[in-house]
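The values are calculated or read from the model by the stated rules, or taken from the named source; none is laboratory data. None of these values were measured; they are calculated from a predicted model. Using ideal geometry, Cβ is built from the backbone for each residue, glycine included, and neighbour counts are taken over all protein chains shown.
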Amino acid sequence: MPQPSQYWQRLAGKVAIVTGAGSQGDGVGTGKAMAYLFAREGARVCLVDLKRDRAEVTRSMIAEAGGEAFVCAADVTDGSACAQVVAQTVARYGRLDVLVNNVGFGAGGGRLETLPDELWDRVMAVNLKSAALMSKHAAPHLVAARGAFVHIASSAGLRAHGGAAYGPSKAALIALSRELAVMYGRDGVRSNTIAPGHLFTPLVEQFIDEPGRRRRRLIAPLGIEGDAWDVAAAALFLASDEARFITGVCLSVDGGVNEVAALAALERLEADAK
């Protein structure tokens with residue numbers, strides 16, 4: 001979808017943390033898009049990224065649009081770093097309303113017997129442990145604000161994609177979100193997940209060619225790819241008070257791909273090849 005051009009202050013007065021808030025290159029990945037959209041909708045945002053320079057690009061983009069944000073360079077697989085991110089955010093802004101666990105590591109494909117143990121550990125640390133640690137330290141402040149967790153998983157967490165580590169890590173993230181929804185629901189805190197599928201982002205661009213993109217469009221019921229702004233729009237809704245009665249949900253943002261049976265997808269591809 002195009003970058004939004006109208007804003008309605010749907011997060012006015014709120015404070016958010018977005019992990020993985022930088023993007024590779026000049027494009028817009030999901031973290032950058034969510035942080036920017038949140039800021040344009042009135043939130044003050046802590047931009048967390050392992051690489052400060054990437055998050056600084058996001059901060060500059062927000063500042064140029066009149067929004068407010070600051071950068072925390074941190075490895076969110078480390079508990080003490082997560083505690084510092086939350087502490088700095090609350091010290092600066094006085095509260096925390098939304099935590100977006102977006103950081104991810106896309107490795108871990110292929111067969112189990114070829115997967116190095118250390119790579120399994122890294123995928124689980126980045127995609128699952130980081131969300132648990134950030135949530136652990138953010139939870140008391142979200143309880144105080146009656147706020148929201150938003151987790152960015154993947155369609156690979158809902159359907160098998162042939163990868164030994166990545167899919168299981170995202171499935172576990174979805175399960176963690178459900179547990180948080182039940183655990184903190186009586187405190188007025190919501191926890192929801194987004195499962196993107198078939199996005200075209202700066203990261204994906206490195207690994208896919210035009211024929212691959214065409215195959216994805218052919219399979220999707222809507223006949224298009226998504227992008228970072230589609231995920232950002234969904235995250236904005238789940239973070240806003242408009243979603244006050246929604247928790248424990250995993251929302252697919254995938255053009256309907258997860259609803260297509262394998263044989264139907266194959267038939268679409270075969271028909272196009274004729």
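Grab the helices (runs of 4 or more DSSP H) fully contained in the stretch 180-256, keeping just those with 2 or more residues being more than 17 Å from the chain's Cα centre (by Cα). Answer list for the stretch 180-256: 210-219.
Residue 16 passes every criterion in (1) assigned to a loop (DSSP other than H, G, I, E, B); (2) over 12 Å from the mean Cα position of the chain (by Cα); (3) crowded, with 23+ Cβ neighbours inside 10 Å; (4) hydrophobic (A, V, I, L, M, F, W, C) apart from (1).
Determine whether residue 42 is of a type outside the set (Val, Ile, Thr) and under 20 Å from residue 77 (Cβ atoms).
Considered against the rule, which asks whether it is of a type outside the set (Val, Ile, Thr) and under 20 Å from residue 77 (Cβ atoms), residue 42 comes out as no.
Determine which member of the set 35, 21, 43 is small (Gly, Ala, Ser) and more than 13 Å from the chain's Cα centre (by Cα). The conditions single out 43. Picking from residues in the stretch 190-215 that are surrounded by fewer than 22 Cβ atoms within 10 Å (Cβ to Cβ) and of a type in the set (A, V, I, L, M), the one that is farthest from residue 22 (Cα to Cα) is 208. Note on the stretch 20-54: among residues that are assigned to a loop (DSSP other than H, G, I, E, B) and hydrophobic (A, V, I, L, M, F, W, C), the one that is modelled with the lowest pLDDT is 28. Look at the stretch 225-241: where a residue is under 12 Å from residue 28 (Cα atoms) and a partner is modelled with pLDDT of 95 or more and basic (Lys, Arg), sitting 6+ places away or on another chain with Cβ atoms under 9 Å, you get 228/32; 232/32. Scanning the stretch 1-13 for residues that are aromatic (Phe, Trp, Tyr) and either outside any loop (DSSP other than H, G, I, E, B) or touching a helix residue (DSSP H, G or I) at 6+ places or on another chain (Cβ under 8 Å) (or both) turns up just one, 7. Selection of the stretch 119-146 for residues being more than 12 Å from the chain's Cα centre (by Cα) and closer than 22 Å to residue 230 by Cα yields an empty set. All of (1) under 13 Å from residue 155 (Cβ atoms); (2) without any contact (Cβ under 8 Å) to a residue 40 or more places away in the chain; (3) within 16 Å of the chain's Cα centre (by Cα) hold for residue 175 with one exception: (1).
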